[in-house]
Amino acid sequence: MNKMYHAISADSFKKLQFQAGALLKKFDPAGTTPIAAEDMICLTSGGITVSCKPNTIDLGEDLDEVPENTYQLKHITSWDCSLSTTCMTVSADTIKLELGAADVETNKITVREDYTEADFQDIWWHGNLIGGGYAAVKLMKAVSDGGLELKTTKDGKGNINLSLKGHYDLTDTSKVPMEFYVKEAAE
């Protein structure tokens with residue numbers, strides 16, 4: 001029995017995203033500003049997970065004689081957008097980012113009872129494409145709502161589980177808190 005293969009464009013392989021990519025404090029999607037070492041948030045292990053899922057309702061689900069799950073009656077109420085990874089480098093900024101509501105004073109991180117506007121920040125993920133170019137994600141108004149989990153091992157490296165959630169802004173509630181960018185290499 002012969003296996004059937006589907007035709008694949010040679011350009012398809014150039015569009016493969018490879019390696020884990022990096023978490024950044026800032027990134028220029030236009031490519032005019034290079035990524036600086038001080039913009040790296042932490043070294044990661046196990047890759048980075050980016051998620052953006054709609055919360056939906058079916059306006060016809062409880063109506064007699066209306067089939068459930070009809071596209072005309074499906075409505076998105078909001079989006080849950082998040083980013084998670086394991087940070088291998090520990091710094092005051094990384095601990096503050098994981099705690100969410102905290103203040104840093106020199107080498108001391110103090111937890112607060114509530115968030116301030118400064119706690120919500122834009123976080124970027126940037127990954128390379130095999131053929132050149134990049135894929136990037138901007139998580140807006142990101143903050144941790146999962147708390148801090150620092151894990152150590154007897155003879156190994158310690159790590160922090162970083163879990164961030166993007167948030168809507170009351171000044172423009174129509175803007176989903178995650179944006180995606182793809183730039184392929186110029187031929």
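None of the figures in this text is laboratory data; all of them are computed from the coordinates on show. Nothing here was measured: the structure is a model prediction, and the numbers come from that model.
In the chain the Cα-Cα distances spread across 5 Å bins starting at 0 as 1, 7, 12, 15, 15, 13, 11, 9, 7, 5, 3, 1, 0, 0 percent of all pairs. The range 153-187 and the range 29-67 have Cα centres separated by 7 Å.
Gaussian network model of the chain, Cα springs within a sub-10 Å range: biggest mean-square fluctuation belongs to which of Tyr71, Tyr115, Tyr168? Comparing Tyr71, Tyr115, Tyr168 in the GNM, the peak value goes to Tyr71. With a threshold of 22 Å on the Cα-Cα distance, the over-threshold entries among Lys108/Lys141; Lys25/Lys165; Lys74/Lys165; Lys25/Lys183; Lys15/Lys175 are Lys108/Lys141; Lys74/Lys165; Lys15/Lys175.
Mean-square fluctuations from a GNM of the chain, with a 10 angstrom spring cutoff on Cα atoms, peak among Ala101, Ala92, Ala20 at Ala92. Taking only C-alpha pairs under 8 Å that are 6+ residues apart, what is the relative contact order of the chain in percent? Over the chain, the number comes to 23 percent. Could you check which residue among Asp172, Asp28, Asp93 shows the biggest mean-square fluctuation in a GNM of the chain with a 10 Å Cα cutoff? Result: Asp172 has the largest fluctuation of those listed.
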